[in-house]
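Colleague: Got a structure here, written out as structure tokens. Questions coming.
The values are calculated or read from the model by the stated rules, or taken from the named source; none is laboratory data. Being a predicted model, the structure only gives us computed values, none of them experimental. All Cβ positions, even for glycine, are placed from backbone atoms using ideal geometry, and neighbour counts span all protein chains on display.
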Amino acid sequence: MDQDFLALLLVAAVTLAGPLLIAALGELISETAGVINIQLEGMMLAGAFSGVAGALLTQNIALAFLAAIGGGLAVAALHGIACFWFRANQIVSGITLNILVLGTTTFLLVSAMGADVTQSVVRVERIAIPVLADIPVIGQALFNQNIVVYLAMLGVPLTWWMLDRTPFGLALRAAGERPEAAESLGIDVHRVRWAALAICGALAGIGGGLLTLGGLGFFTPGVTAGRGFIALAAVVFGRWRPFGALAAVLLFSVVDAFQIRAQTLGFPVPYQLLVALPYLVTIIALAGLVTRMRPPSALGVNYER
Amino acid sequence: MRPRMGHLGLLVAGAMALSACGNGTATDAPATDGSASEAPASAPASAGDEQLRVALILPGETTDRGFNATGEMAADLIEEEYGADVTFTESVNPANQADVYRQYANQGYDLIIGWGGQFTDGAVEVAEEFADTNFLVVSSGASNGSNLASYDTAIEDWQFLAGYLMARLSETGVVGQVSGQCFPSTAANQNGTRDGALYANPDIEWLATYTGDFEDPTAAQQAAQAMIDEDADVLHTNLNQGVFGVVQAAQDADGVLVVTEWLDNSDTAPDVIVSTLNKSYARFVLNKVEELVNGEWEGVNERFPLPDDWGPGVFDTDLLPDDIYEEILEVQEQVASGEIEVERDETCPGQ
């Protein structure tokens, strides 16, 4: 493996990791507060769709990402209404929303754009950071990215700080661990959970938007192709910690980028094994590291006053 | 999943709605007894016998300007030729195929067509449960001697042309194909392209990837990028919606061309789509429907070679040099006549 190969591999890996990481951070924040989002995939898909729709309507990348946030928030709102207001089971609501979003976005796409599904839109541009981008091997992957990927990288320590060092983080954790106790200390559990869910919707929307507005420049039905579920799993494998989620997402993406290249180079291995490799490696590596893998106590349990 | 009614289905629904209106307004004219049960029976346009009902199961959306669009073409052909009531369901997840087959069988469809080899298992399973329903899977080899049949094309005949074209267009001497999943017919597809490329230029460097998902454009884009990183300058695909990711990767690179498949879609990216391989399973579906209508249905597998009246095997574009286009047509003639014998190789990687 020469340096070029590694550098290009890492560029591909970071491209694949960006959308996963943003969605995983959102899900991490939400699960910390006790709200599980099986519809993370649907949130991403809604963001991927509304981002492209926003870009088509405004030709403005910032507004397009705002639209992507709106898409994710809309799905979050439905989940909140179902679970917080009507006390629906969070898992059931999540599964239902995934199906609803897939159907709705596909229907809107076909009805709005007709056969021309591949209409290309503006994409968010890469900004090379001087000097850093020229570092061998990692320079292009880490320092010649678009603003959203940079923000995602900053989001990891920021999420850690927010969860561990701020009153809001404490409230989130309290709402996810002991909602009754939190309530007795004057924390409005419902409000905190709504906030966590909204953050998750917004971030998953951006993650989906990054998929379409970053790499592809177009939307196709079901374009997220299961990446929401990978982000969901990354939170678990990352032991509900921001840097853990980052590790899970990066490991998955590096192995995924590698397996594609391994096929290109003609590794004499069944391709099914190579396609499954990122999943296998992530499970094995992170299952081995797990010391105390305990989800928030009240995860998925609706709080009733 | 979004069930779509065929045009005739809509007509029937419309006719029923109209007759309902008629009943509502003409209150004093006593309607004939049992008009409700008569209406559906008299609505179908085809005279005489009970109307043929056909359902298609598609892996993706018919808006893909590719494989699924040819599925819609097949549906239209059956509707036009036989006045059949044709319905299809798009974006069926192969994991749910048995349920979808079962639902259509329960609804009394005469013929259920799985559009793609990935819909083989469900047909095999459900064909046993519904002896009076006929099942047909395209791009598959399955059959049970009674109500399950399949057909396939000698896809390597067509792919050979794509590979030949790619090798002739390449300046770097590296070409590649991004595919979705590997099963016998898709392996024959990819290996056929390879053989055509090697026939045109024995020194060509051939790259091949299966992303595992025909529909995922992000994975396809990354696979194409990996090939471009290895200096490939002409790419081909065996994907559904994933193809758009490959086209995007080509557009983001310098001097990379794409040969797409199925239907002429070069207008979607005229800067990189140099040609489209003109192939389709649609035309051959009529052979099986004809059998069914004439009571000659056989539960067997058939494979159709490249016919000599197929028309140009690749679509011409502004990007495609005239001499190469003419050359491809000559090679096509040689393949159709058997002068060039294309071997079918169903080997997947690592086998």
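Colleague: Can you tell me which residue among B:Val126, B:Val86, B:Val100, B:Val92 is modelled with pLDDT of 90 or more and either assigned to a strand (DSSP E or B) or not aliphatic (A, V, I, L, M) (or both)? Working first, answer last.
Modeller: Values: B:Val126 fails: either assigned to a strand (DSSP E or B) or not aliphatic (A, V, I, L, M) (or both); B:Val100 fails: either assigned to a strand (DSSP E or B) or not aliphatic (A, V, I, L, M) (or both); B:Val92 fails: either assigned to a strand (DSSP E or B) or not aliphatic (A, V, I, L, M) (or both).
Going through B:Val126, B:Val86, B:Val100, B:Val92 in turn, the sole match is B:Val86.
Colleague: In region B:270-281, what residues are in a loop (DSSP other than H, G, I, E, B) and in contact with a Ser or Thr (Cβ under 8 Å, 6 or more places away or on another chain)?
Modeller: First pass over region B:270-281, keeping only residues in a loop (DSSP other than H, G, I, E, B): B:270-272, B:279-281.
Those that are in a loop (DSSP other than H, G, I, E, B) and in contact with a Ser or Thr (Cβ under 8 Å, 6 or more places away or on another chain): B:Pro270, B:Lys279, B:Ser280, B:Tyr281.
Colleague: Next question, about the same structure. Taking A:Thr15 and the conditions (1) crowded, with 24+ Cβ neighbours inside 10 Å; (2) of a type in the set (S, T, N, Q); (3) within 14 Å of another protein chain (Cβ to nearest Cβ), which numbered condition does it fall short on, given that it satisfies the others?
Modeller: The number of the failed condition is (1).
Colleague: Taking region A:251-271 only, how many residues are polar (S, T, N, Q) and facing chain B (nearest Cβ under 7 Å)?
Modeller: Of the residues in that region, 2 qualify.
Colleague: Sticking with this one: For region A:139-186, what are the residues that are among the small types (Gly, Ala, Ser), within 18 Å of A:Arg305 (Cα to Cα) and assigned to a helix (DSSP H, G or I)? Spell out the reasoning first.
Modeller: Looking only at region A:139-186, we keep the residues that are among the small types (Gly, Ala, Ser), and these are A:139, A:141, A:152, A:155, A:169, A:171, A:174-176, A:181-182, A:184, A:186.
From what is left, the residues that are within 18 Å of A:Arg305 (Cα to Cα) are A:171, A:174-176, A:181-182, A:184, A:186.
If the condition is that a residue be among the small types (Gly, Ala, Ser), within 18 Å of A:Arg305 (Cα to Cα) and assigned to a helix (DSSP H, G or I), then A:Ala171, A:Ala174, A:Ala175, A:Gly176, A:Ala181, A:Ala182, A:Ser184 are the ones that fit.
Colleague: Which one of these is of a type outside the set (Val, Ile, Thr) and more than 14 Å from chain A (Cβ to nearest Cβ): B:Asp195, B:Asp216? If you could, list the steps in order and put the result at the bottom.
Modeller: Details: B:Asp216 fails: more than 14 Å from chain A (Cβ to nearest Cβ).
Residue meeting the stated conditions: B:Asp195.
Colleague: State the number of residues belonging to region A:127-142 that are out of contact with any Phe, Trp or Tyr (no Cβ under 8 Å at 6 or more places or on another chain) and under 15 Å from A:Leu8 (Cβ atoms).
Modeller: Number satisfying all stated conditions: 7.
Colleague: B:Glu302 fails exactly one of the following numbered conditions: (1) touching a Phe, Trp or Tyr at 6+ places or on another chain (Cβ under 6 Å); (2) surrounded by 17 or more Cβ atoms within 10 Å (Cβ to Cβ); (3) not in a loop (DSSP other than H, G, I, E, B). What is the number of that condition?
Modeller: Unmet for B:Glu302, out of (1) touching a Phe, Trp or Tyr at 6+ places or on another chain (Cβ under 6 Å); (2) surrounded by 17 or more Cβ atoms within 10 Å (Cβ to Cβ); (3) not in a loop (DSSP other than H, G, I, E, B): (2).
Colleague: OK, next. When you scan region A:139-164, how many residues do you find that are more than 23 Å from the chain's Cα centre (by Cα) and either within 22 Å of A:Ala245 (Cα to Cα) or among the β-branched types (Val, Ile, Thr) (or both)? Can you show your working first?
Modeller: Just the residues of region A:139-164 that are more than 23 Å from the chain's Cα centre (by Cα), to begin with: A:139.
When the remaining residues are screened for being either within 22 Å of A:Ala245 (Cα to Cα) or among the β-branched types (Val, Ile, Thr) (or both), the result is none.
Summing the residues that are more than 23 Å from the chain's Cα centre (by Cα) and either within 22 Å of A:Ala245 (Cα to Cα) or among the β-branched types (Val, Ile, Thr) (or both) in region A:139-164 gives 0.
Colleague: Considering (1) buried (at least 24 other Cβ atoms within 10 Å of the Cβ); (2) small (Gly, Ala, Ser); (3) more than 18 Å from the chain's Cα centre (by Cα), say which one B:Ser143 fails and leave the rest.
Modeller: (1)
Colleague: Any chance region A:63-74 includes a residue that's surrounded by 17 or more Cβ atoms within 10 Å (Cβ to Cβ) and in contact with a Lys or Arg (Cβ under 9 Å, 6 or more places away or on another chain)?
Modeller: Within region A:63-74 (the criterion being surrounded by 17 or more Cβ atoms within 10 Å (Cβ to Cβ) and in contact with a Lys or Arg (Cβ under 9 Å, 6 or more places away or on another chain)), the answer is no, since none of the residues qualifies.
Colleague: Another one. Could you tell me which of the residues B:Phe244, B:Phe284 is surrounded by fewer than 24 Cβ atoms within 10 Å (Cβ to Cβ), part of a helix (DSSP H, G or I) and among the aromatic types (Phe, Trp, Tyr)?
Modeller: On the way: B:Phe244 fails: surrounded by fewer than 24 Cβ atoms within 10 Å (Cβ to Cβ).
Checking each option against the conditions leaves just B:Phe284.
Colleague: Another question, if that's okay. I'd like to verify a number: residues in region B:234-279 that are hydroxyl-bearing (Ser, Thr, Tyr) and within 11 Å of chain A (Cβ to nearest Cβ), how many? Steps first, answer last, please.
Modeller: Of the residues in region B:234-279, the ones hydroxyl-bearing (Ser, Thr, Tyr) are B:237, B:260, B:266, B:268, B:275-276.
Checking the rest, the ones that are also within 11 Å of chain A (Cβ to nearest Cβ) come to B:268.
Here the count works out to 1.
Colleague: Further, regarding this structure: How many of the residues making up region A:75-91 are surrounded by fewer than 24 Cβ atoms within 10 Å (Cβ to Cβ) and within 18 Å of A:Ile22 (Cβ to Cβ)?
Modeller: 0
Colleague: Right, another one. Pull up region B:156-182, narrow it to residues that are closer than 18 Å to B:Ser139 by Cα and either more than 11 Å from chain A (Cβ to nearest Cβ) or over 26 Å from the mean Cα position of the chain (by Cα) (or both), then point me to the one that is surrounded by the most Cβ atoms within 10 Å (Cβ to Cβ).
Modeller: If we take residues in region B:156-182 being closer than 18 Å to B:Ser139 by Cα and either more than 11 Å from chain A (Cβ to nearest Cβ) or over 26 Å from the mean Cα position of the chain (by Cα) (or both), then B:Phe160 is surrounded by the most Cβ atoms within 10 Å (Cβ to Cβ).
Colleague: Suppose we filter region B:205-235 for residues that are more than 16 Å from A:Phe267 (Cβ to Cβ), more than 23 Å from the chain's Cα centre (by Cα), among the aliphatic types (A, V, I, L, M) and in a helix (DSSP H, G or I); how many remain?
Modeller: 1
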